[in-house]
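The values are calculated or read from the model by the stated rules, or taken from the named source; none is laboratory data. Because the structure is a prediction, the values reported are computed rather than measured. Cβ coordinates were reconstructed from backbone atoms using ideal geometry, including for glycine residues, and neighbour counts include every protein chain displayed. What goes into the accessible areas is simple: the full protein's heavy atoms, side chains included, and nothing from ligands, DNA or RNA. Shrake-Rupley method; radii C 1.70, N 1.55, O 1.52, S 1.80 Å.
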Number of protein chains: 2
Amino acid sequence: MTATVITGISVLVTNTPGGDGPLGEVTDAALVMEDGRVAWTGPSASAPAADEHVDAAGRCVLPGFVDSHSHVVFAGDRSREFAARMAGRPYAAGGIRTTVAATREASDEVLRATAARLVAEMHAQGSTTVEIKSGYGLTPADEARTLRIAGELTPETTFLGAHVVPPEFDGDARGYVDLVCGEMLRACAPYARWADVFCERGAFDGEQTREILTAAAAAGLTPRVHAGQLGEGPGVRIGVELGAASVDHCTFLTDADVAALAGSETVATLLPTIEFSTRQPYPDARRLIDAGVTVALATDCNPGSGYSSSMALAIALGVREMRMTTEEAVRAATLGGARALRRDDVGHLAPGARADVLMLDAPNPIYLAYRPGVPQVSAVWKDGHRLP
Amino acid sequence: MTATVITGISVLVTNTPGGDGPLGEVTDAALVMEDGRVAWTGPSASAPAADEHVDAAGRCVLPGFVDSHSHVVFAGDRSREFAARMAGRPYAAGGIRTTVAATREASDEVLRATAARLVAEMHAQGSTTVEIKSGYGLTPADEARTLRIAGELTPETTFLGAHVVPPEFDGDARGYVDLVCGEMLRACAPYARWADVFCERGAFDGEQTREILTAAAAAGLTPRVHAGQLGEGPGVRIGVELGAASVDHCTFLTDADVAALAGSETVATLLPTIEFSTRQPYPDARRLIDAGVTVALATDCNPGSGYSSSMALAIALGVREMRMTTEEAVRAATLGGARALRRDDVGHLAPGARADVLMLDAPNPIYLAYRPGVPQVSAVWKDGHRLP
């Protein structure tokens, strides 16, 4: 494979201790990629030659975003439900169940085409690592095919059979949990790296969450949890106890939850584009960061509560609404996401890291928050290959 | 010139009474452009043949956005000032004066290159009509060259010599107003369609505003006003009295201001990306619309208070933060902007309208608010020419 050198980088965000400031910034920098990995970083003036040369011409370069939370394998359109919610108009919709019904009816080809389009859109916006959850199938076969399709697009696949109790189990949550822990888990485990549970009033309680994640762990899946989105609950504590890689949402947290996260390796993943699209309160990133919790930003891209795939908007909202500094938000969208997926090969640009590289049409990464909504991607490399 | 037909449009937003709903929507539609104008709209099945055929393949089409308020001729970088403001850190900056100093020092070539890049970026995001103000020169020569450069990019140029009192007139606002109304106006009038004043505590008071806009009107420039951004004041009332096309910002309004706007042809232009980037309260669009005021959305793209050029984000914020329906927000970003610039050839797609056309990678215009931050432009035509 050929080597590529990018010179003339105004600011290179390495997220490593070698550079300046919290992002390990190197100014007037260059970066060499070879065999899909970062081979060298340093001053532009000392850059070695390579087969291919790209002049950044004063643009900044950072690690590709790590979007550690999405639900992009689905069918159906919920734009009118969104418009009604925003206008405060009633809308006869079944929420997640609407998407479940449409997803079950859709062919593999339709699901694959939608998911592939969305993942391509995420890549084009600089998200070089993307996690995808199941959770709109809710039968063994539909969950397994969701994860098969997701696995064609990313290694970061998450079994979320415990998203909601599907209509055919109304009044029989026990029966559904048995299905999830038994036949469904057996059908899905070969296709999933992670297991997740929506631990929330109206979804799954603490006991069910523990049971499902324990069964999943026995099947080789590492836990993650949806918790604290709509109210306080036991999800954060259980996630930390079971060694979850991440607890996601974290809007409603007790002091004990924050302390538990701070004393653990579990990341708090914040999803502010969801609060943007639901008018829920934003999570308190400041409280978490000040307590020493590792924070990630992700999009939660899904057709119901928030259909944005923009990590740049998540960063801008982190700064605007959650009192993160621009450095903290950029770090959370890169290294934070990598920690939430327990990946040490992405989220930073030290030599040896995967050559997942984002070049912005901007002189520094502050512009991600300074110019909200503006497409600023100049070029993206994934595994050293420049995306078209 | 060749004719182009777009068929297979899922939803065509015409903004004319012919179609359905508040946006004059036509479903399963087609549109023909010829000689830079819309020649025909109607059902896709009845579309006439044309030299060039574009299949929208189920995408929606709307009038290009009309961004009626921007300040994109400037020099200098204020990203670090933004980051400090967001973090609540002190920053030794002079606000607008920082940009004035950098703009005065910059060559025409530098100013032209920055402005052309930003206007191209606006076009690429679907803003086919763009207004540009002066206001970072604040000498007769620097204001005139700003407007000359702006006029190379758009016919909608606005003389804003009364942006702030420049440092060389500290303590002598009277002297500066005399300069604005005299030599500066004479130098600028040939290059401007509009005149604007920043009527706000700390900038220009009601008497000065009236004096400047009256002088400008005598020189052939139609008034617009910046008012109600930071507090209530006389700007709205004066704007309405003088027949301003638009009063812009409108965050702080008395009941009398709202009544005056409702009883006038003056548009209230709201700029929510500014509130996003300053953490100021958002204007109350609902109050204005319910009172019968014509509302426009624009970006106010500028390096200080908000550097977004995204009309899509302005729409999303209108819906999220200002309780506009998605239809109201889309209308305000198209027809509303056209009214704010007193243009009857843009902002709608009736036959005879300018062929300024935006095709989204989305089945309906709700997606502009439903998918915030996501680049969704599929194609843009300006005067019937497809942008590259």
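Against the empirical 2.2 N^0.38 Å (N residues), the protein assembly as shown has a Cα radius of gyration ratio of 0.97.
Using mean Cβ contacts within 10 Å as the protection proxy, how do A:98-107, B:185-194 order, highest first? Provide the component values of the computation, followed by the final result.
On the way: A:98-107: 17.9, B:185-194: 20.4.
Final packing ranking: B:185-194, A:98-107.
For the protein assembly as shown, the antiparallel share of DSSP beta bridges with both residues in that region comes to about 45%.
Summarise the accessible area of chain B (1.4 Å probe, protein heavy atoms) by the percent that is carbon and sulfur.
Numbers: 6650 of 13060 Å².
Ligands and nucleic acids excluded, carbon and sulfur give 51 percent.
Across peptide B:74-83, the mean count of Cβ atoms from other chains lying within 10 Å of each residue's own Cβ comes to 4.
The spacing between the stretch A:84-139 and the stretch B:47-113, judged by their C-alpha centroids, is 33 Å. Burial here means at least 40 square angstrom less accessible surface with every protein chain in place than with the chain by itself, probed at 1.4 Å; in the stretch B:355-373 the buried residues are B:366, B:370, B:371, B:372, B:373.
What residue among B:4, B:138, B:41 has its Cα farthest toward the positive end of the dipole of the protein assembly as shown, where the charges are +1 on Lys, Arg and -1 on Asp, Glu, each on the Cβ? Of the candidates, B:138 comes out farthest on the positive side.
Close amide-amide hydrogen proximity is noted between residue B:248 and B:225, B:226, B:227, B:269, each under 5 Å apart and 5 or more residues distant or on a separate chain (H modeled in the peptide plane; Pro and chain starts excluded).
The A and B chains share an interface that buries close to 3800 Å² of accessible area, total over both sides, probe 1.4 Å. Accessible surface for residue B:7 stands near 20 Å², nearest 10, in the context of the full protein assembly shown (1.4 Å probe). Taken per residue, the accessible surface of the protein assembly as shown reaches 34 Å², heavy atoms only and a 1.4 Å probe. Placing pseudo-labels 7 Å out from each Cα toward the beta carbon at residue B:178 and residue A:49 gives an inter-label distance of 6.8 nm. Say the dipole of the protein assembly as shown comes from +1 at the beta carbon of Lys and Arg and -1 at that of Asp and Glu; which of B:264, A:73, A:245 then lies farthest toward its positive end? Selected residue: B:264.
Each distinct pair of alpha carbons in the stretch B:259-388 adds a 1/r term; the inverse of their mean, the Kirkwood radius, is 15.3 Å.
What dipole magnitude, in Debye to the nearest 20, does chain B give about its Cα centre under +1 on Lys/Arg Cβ and -1 on Asp/Glu Cβ? Intermediate values should be presented prior to the final figure.
Numbers: 33 positive and 48 negative charges, 117 e Å.
Here the size comes out at about 560 debye.
Here the dipole of the stretch B:248-375 is about 200 debye; that uses its Cα centre as origin and unit charges on the Cβ of Lys and Arg (positive) and Asp and Glu (negative). Peptide B:313-325 shows a mean partner chain C-beta count of 3 within 10 Å per residue C-beta.
Per-residue shielding of B:380-388, expressed as the average number of other chain Cβ atoms within 10 Å of the residue Cβ, stands at 0.
By average Cβ neighbour count within 10 Å, what is the ranking of A:313-325, A:376-388 from highest down?
Highest-to-lowest ranking by the protection proxy: A:313-325, A:376-388.
Counting only DSSP beta bridges with both residues in chain A, the antiparallel share comes to about 45 percent.
With a/c under 1.5 counting as rounded, go ahead and sort the stretch B:66-340 into rounded, prolate or oblate using the C-alpha gyration tensor (a ≥ b ≥ c being the square roots of the eigenvalues; past the cut-off, prolate if a/b is larger than b/c, else oblate). It would help to have the intermediate numbers written out before the result.
Numbers: a/c = 1.38, a/b = 1.17, b/c = 1.18.
Since a/c stays below 1.5, the shape of the stretch B:66-340 is classed as rounded.
Taking the Cα centre of the protein assembly as shown as reference, the dipole from Cβ charges on Lys and Arg (+1) and Asp and Glu (-1) amounts to some 240 debye.
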